[in-house]
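What follows is a short report on a single structure.
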Amino acid sequence: MKPDGALFRREAARLLATLTRAFGVENLALAEDVVQETLAVAFEAWIYQGVPEHYSALLTTAAKNRALDAFRRERTARRFAPELRRFIESEWTLRSGLDALFLPDALKDDELRMMFSCCHPRLHEDVQVALVLHMLCALGVDEIASAFLVSPAAIEKRLSRGKRTLAQSKRLFDLTAEDFAPRLTAVHRALYLLFSEGYHGASSEAVIRVDLCREALRLVRLLVGHDSSATPATHALAALMCLHGARLPGRADEAGQLRPLVEQDRSRWDTTLLTEGFFHLDRSAEGELLTEYHVEAGIAAQHASAGSVKGTSWGEIVRLYDVLMKIRPSPVVALNRAMAIAEFEGPERGLAAIAMIDGVQRLAGYPFHPAAVAELELRRGRPLVAKKYFELAKDLARNEGERRFLEQRVKECGRTSSS
Amino acid sequence: MNEFVYLYRRPGPPVTPQQKQDAMEKYQTWFKDLEARGHLLQYGQPLDPKAGRVVRDKGGSISDGPYAETKDIVVGFSIVKAENLDEAVALAKTCPIFDQGGMVEVRPVLKM
């Protein structure tokens with residue numbers, strides 16, 4: 001993605017948040033229409049002229065004028081946001097009222113309020129994430145569907161359910177509300193899922209996945225930039241995304257092929273992101289509360305600061321996984337812990353840890369479960385057994401990238417066993 | 001060199017912001033290329049696809065928009081230079097408008 005390759009999406013998200021506040025959440029569809037029209041006209045004009053320097057201000061003015069038209073047209077037919085009703089009563093105050101809503105200071109929090117609104121406790125996490133992608137990243141139904149390998153119809157359903165719930169709220173989430181803290185937890189979770197989908201997800205297109213990570217990072221930076229949401233847990237989440245994100249360029253080679261950590265080219269890691277990550281990691285330590293994000297950021301930091309796989313403090317990583325298993329146990333966490341144990345104490349101990357995973361049936365269909373067994377069998381010198389497990393894993397591959405990666409591993413076992 | 005007008009016709013713009021972005025970048029690359037090769041006389045202008053009137057006679061017979069179908073609406077124009085109609089057509093064939101179900105009408109500017 002080029003640097004400004006997301007200009008339309010950024011602006012769409014920004015305008016939608018502000019217009020939704022201006023119109024009131026119950027008029028979400030009207031806000032979406034105004035954004036759509038504003039961007040359509042910009043598109044027609046910029047084809048010829050190129051993108052003007054002050055595009056953001058121009059779009060704001062254009063959207064404001066369209067909003068004004070919409071108010072004039074609809075003011076008798078609709079209920080608008082309470083704070084606007086008094087302006088709407090007279091044409092004379094309408095424009096100044098609208099101007100006040102679009103002042104830079106008022107604009108600043110709109111995206112954040114939209115983010116909190118999308119993470120409504122009545123909505124399932126899947127719906128929250130889809131809604132965040134649609135409202136704050138301005139991704140279309142098909143774009144979200146292909147990122148999650150879900151049918152467009154299913155995404156459509158999630159979005160309409162989400163928008164219905166949103167529209168029932170009286171206004172965008174108030175950042176000073178009493179339930180701010182629990183809502184922030186939900187926001188963290190949604191952004192974490194968004195990032196994970198990009199980082200580990202099954203979507204076959206590397207581009208989409210990098211985009212998801214980048215969007216999650218942008219949104220977590222919004223959280224960090226606001227006093228009330230910049231909690232230690234937010235910093236931990238930001239640290240985790242930066243430290244993992246820094247390793248994204250090394251994770252796949254030029255052909256988009258996944259590389260195991262051992263073979264990653266560490267010189268390709270993004271050092272600016274690493275620095276940002278370690279900054280957030282420091283800030284995350286300021287509180288009492290230890291969240292799963294703290295622990296995962298800690299693990300990512302261990303990987304990021306090691307010069308090589310051999311030079312990694314695997315003992316410390318095992319300890320962190322033990323903590324993570326206490327805070328948020330899951331078979332995938334247990335599997336990662338087993339791999340760390342293998343690095344620390346040898347493949348036999350790793351295999352033993354895999355055999356002891358609780359709820360292992362939940363890993364059925366997860367290709368990296370048999371692949372993990374295969375890696376360790378290979379390492380303890382049993383390439384034939386390893387090959388069998390790699391083949392098992394290959395059959396479970398969820399996309400072309402995983403399939404190619406696992407096929408390669410199968411072949412490598414063949415080579416080892418015949419030599 | 002002769003002058004030609006390109007009349008662009010297509011249905012509405014691409015739907016999602018990212019599609020708009022991708023399409024716009026393609027147009028810009030295309031225009032830049034035409035310009036670099038000395039074929040672009042005027043970038044031209046967009047025309048409002050949603051409004052317009054056709055004035056049919058001086059008696060005041062007026063109709064909304066000249067076309068029955070949205071894909072027939074002229075959404076913009078440019079002016080290019082080319083040796084002849086064949087070359088102007090060949091240049092038009094590389095226009096990104098075809099990705100969006102649109103078309104380009106190539107009309108030579110008549111000179112004495």
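Suppose we filter segment B:1-16 for residues that are modelled with pLDDT of 95 or more and within 13 Å of another protein chain (Cβ to nearest Cβ); how many remain?
2
Any residue at all in segment A:73-88 that's of a type in the set (S, T, N, Q) and modelled with pLDDT of 80 or more?
No; the residues of segment A:73-88 include none that is of a type in the set (S, T, N, Q) and modelled with pLDDT of 80 or more.
Cβ contacts < 7 Å: first residue in a helix (DSSP H, G or I), restricted to segment B:86-100; second residue aromatic (F, W, Y), any location; separation 6+ or different chain. Result?
B:A88/B:F4; B:A92/B:Y6; B:P96/B:Y27; B:P96/B:W30; B:I97/B:Y8
Can you list residue pairs whose Cβ atoms sit under 9 Å apart, with the first residue in segment A:307-324 being farther than 16 Å from A:L290 by Cα and the second being open to solvent by less than 30 Å² (accessible area, probe 1.4 Å) and among the polar types (S, T, N, Q)? Count only pairs 6 or more apart in sequence or on different chains.
As it stands, the answer is A:V309/A:Q264, since those pairs meet every condition given.
Among A:L107, A:L149, A:L136, A:L98, which is the only one that is among the aliphatic types (A, V, I, L, M), open to solvent by less than 10 Å² (accessible area, probe 1.4 Å) and not assigned by TED's automatic domain parsing to the domain that holds A:L68?
A:L136
Which pairs turn up if I take residues in segment A:140-161 that are more than 14 Å from every other protein chain (Cβ to nearest Cβ) and look for partners that are assigned to a helix (DSSP H, G or I) with beta carbon separation below 6 Å, at least 6 apart in sequence or on another chain?
A:R158/A:V127; A:R158/A:A130; A:R161/A:V127
Please give the number of the condition B:S63 fails out of (1) among the hydroxyl-bearing types (S, T, Y); (2) within 11 Å of chain A (Cβ to nearest Cβ); (3) open to solvent by less than 40 Å² (accessible area, probe 1.4 Å).
Exception for B:S63: condition (2).
What helices (runs of 4 or more DSSP H), lying completely within segment A:307-371, carry at least 3 residues that are at negative phi and surrounded by fewer than 16 Cβ atoms within 10 Å (Cβ to Cβ)?
A:314-327, A:347-355
Among B:V106, B:V75, which is away from chain A (no Cβ under 14 Å), hydrophobic (A, V, I, L, M, F, W, C) and open to solvent by less than 70 Å² (accessible area, probe 1.4 Å)?
B:V106 is the lone residue from the list that is away from chain A (no Cβ under 14 Å), hydrophobic (A, V, I, L, M, F, W, C) and open to solvent by less than 70 Å² (accessible area, probe 1.4 Å).
When you go through B:Q19, B:Q28, B:Q45 one by one, which is the residue that is part of a helix (DSSP H, G or I) and under 15 Å from the mean Cα position of the chain (by Cα)?
B:Q28
Of the numbered conditions (1) touching a Leu at 6+ places or on another chain (Cβ under 9 Å); (2) under 24 Å from A:H303 (Cβ atoms), A:V385 fails exactly one; give the number of that condition.
(2) is the only condition that A:V385 fails.
One residue is enough: does segment A:277-293 have a residue meeting the conditions modelled with pLDDT under 90, touching a Ser or Thr at 6+ places or on another chain (Cβ under 8 Å) and surrounded by 15 or more Cβ atoms within 10 Å (Cβ to Cβ)?
No, segment A:277-293 has no match at all.
In the set B:K58, B:K26, which member is more than 8 Å from every other protein chain (Cβ to nearest Cβ), within 21 Å of A:W46 (Cα to Cα) and basic (K, R)?
Going through B:K58, B:K26 in turn, the sole match is B:K26.
The values are calculated or read from the model by the stated rules, or taken from the named source; none is laboratory data. Note that the structure is a prediction, hence the values are computed from the model and not measured. No Cβ is skipped: glycine too gets one built from the backbone with ideal geometry, and neighbour counts run over all protein chains shown. Accessible surface areas use protein heavy atoms only, side chains included; no ligands, DNA or RNA. Shrake-Rupley method; radii C 1.70, N 1.55, O 1.52, S 1.80 Å.
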